[in-house]
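First up is the structure itself, then whatever we jot down about it.
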Amino acid sequence: MKVFGDAAPKNGAMSLFMALLCLYLHGTAGAQPVRAHLQLEADSVVLGMPMKLRMQLTHPPGVWVGFPQKQDFEDFELVSRGLEESRQQGDSIIHSMEFWVRSFDIAPFQSVVLPYFYSQGNDTLQAYLQSDSLPFASRITDNPPTFRPHGELIPLQDPGSHLRLLLFWLAGLLMLMALLWILRKPLRRWWKLQALRREYRHILAQLQAIQAGAAHQAHCLYRLNQLWKSYADRQGSLGLKSFTTTELQAEMQQLPLLNTPSLPRLLQMVHKSDMAIYAGKKLRKKEIEQFIQLVQQYIEELYQAYRNELTV
């Protein structure tokens, strides 16, 4: 006779914590009984800690007994399996095994239902060994505070502590809102200064790209004009009033924030660039470099003017 697979019990209602629990089944092959004996080799049960159990099966030599390969302990966890041995005593085969289980939840009353298979002629049949329902809650000792028996009520907590915590959070939130309200103007000014600084760095990067492509004269001059005009006319106030250089100069002079020391020389260079773009006049390389320097200087002056306006 050969016993195979894990020989631990399988059922959600199993109780593996019992001492000297005997299970009986009658009516197997040859009208010989298959007897199972489960023994808890510990004097007490501690939730969450492994418990050692020993199972002993007794059956006649002509009976083939097997247990399911995969066993579902549900509330119980199989930790490990230990020694397995078989011996023949008279006309019976005694097969014993050891295993360790643990549980984090246990009902006051439980029973063991052990499914197994046996051979009868050419057929393989399934049967169950079932025990009586016995009390186990009384066997629990040294119960850790984090574990509780199944069915035990959760202790109620005083809602006052939660209310105080909520009031502290609300007070902190109100203080934060008040602080933000007091500092709203400095924070708004700081945010605008950061945006102005990012825009200025972007303009300088564009100037470097234009200077790298200065070989294409007409394209370079056109981009320079567009760059400084878009930075100077941030609100679009010039509009259609500055088609020619003369009109542009007149309108720029009327805007105090845009009237910087380098503006007159810049406008003179803009007139030359217009002649190069629209009349086909060629400028010398030195004049283009001077134009780029004038644009950069004017943008720096505008940046300082915009920045001073925010800090006042």
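The values are calculated or read from the model by the stated rules, or taken from the named source; none is laboratory data. Quick caveat, the model's predicted, so the values are computed rather than measured. Don't worry about glycine lacking a Cβ; one is built from the backbone with ideal geometry, like all the others, and counts go over all protein chains shown.
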| message | Looking at the stretch 195-218, I want the residues that are within 15 Å of E289 (Cα to Cα) and have a partner that is of a type in the set (G, A, S) and modelled with pLDDT under 90 with Cβ atoms under 9 Å, at least 6 apart or on another chain. Which pairs are those? | response | Q217/A276; A218/A276; A218/G280
| Matching residues in the stretch 273-300 - criterion: being in a helix (DSSP H, G or I) and surrounded by 18 or more Cβ atoms within 10 Å (Cβ to Cβ) | S273, A276, I288, F291, I292, L294, V295, Q296, Y298, I299
| message | Take the residues in the stretch 43-55 that are assigned to a strand (DSSP E or B) and not aliphatic (A, V, I, L, M); name whichever of them is modelled with the highest pLDDT. | response | K52
| query | Restricting attention to the stretch 228-260, which residues are modelled with pLDDT of 80 or more and closer than 12 Å to S273 by Cβ? | reply | W228, K229
| said: Residue under question is A218, and the condition is that it be of a type outside the set (F, W, Y), at pLDDT below 90 and assigned to a loop (DSSP other than H, G, I, E, B); does it hold? | reply: no
| field | Set L227, L187: member being at negative phi and surrounded by 16 or more Cβ atoms within 10 Å (Cβ to Cβ) | value | L227
| request: Mind listing whichever residues of the stretch 63-80 are more than 20 Å from F104 (Cβ to Cβ) and modelled with pLDDT of 70 or more? | output: V63
